[in-house]
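The values are calculated or read from the model by the stated rules, or taken from the named source; none is laboratory data. Just so it is clear, the structure is predicted and the values come from calculations on it, not from any experiment. Don't worry about glycine lacking a Cβ; one is built from the backbone with ideal geometry, like all the others, and counts go over all protein chains shown.
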Amino acid sequence: MRLDKYLKVSRLIKRRTVANEVASGGRVFINNKAAKPAAEVKEGDILRLEYFNKTLIAKILKVPSGNVSIQESKDLYEVIQDN
């Protein structure tokens, strides 16, 4: 699944256009490498998001095949660090 779509589906970022802008701006990293919006994510990857003067580090636990409910979206990742 594309990075920008995963960020939206997992509700780490509310809108895909915002997720696309954040990734295009070089503020999203997959396994400590800058990632573009079209980068593929897979289970076990470590995401680092830097936006709104915050840094969020999360481990991808599951990559869904499509949209998921709000309750299910919390099971897609595990927050490692949030500051």
Quiz item: Can you name the residue in the stretch 3-41 that is out of contact with any strand residue (DSSP E or B) (no Cβ under 7 Å at 6 or more places or on another chain) and of a type in the set (Lys, Arg) and is also surrounded by the fewest Cβ atoms within 10 Å (Cβ to Cβ) among such residues?
Solution: 33
Quiz prompt | Considering residues of the stretch 38-75 that are under 16 Å from residue 16 (Cβ atoms) and among the polar types (S, T, N, Q) only, the residue modelled with the highest pLDDT | solution = 73
Exercise. Go through the stretch 47-70 and give me each residue that's among the polar types (S, T, N, Q) and either more than 15 Å from residue 11 (Cβ to Cβ) or in contact with a His (Cβ under 8 Å, 6 or more places away or on another chain) (or both).
Key: 53, 55, 65
Practice problem: Please go through the stretch 30-83 and pick out each residue that is part of a strand (DSSP E or B) and either in contact (Cβ under 8 Å) with a residue 60 or more places away in the chain or of a type in the set (Phe, Trp, Tyr) (or both). | Solution: 51, 77
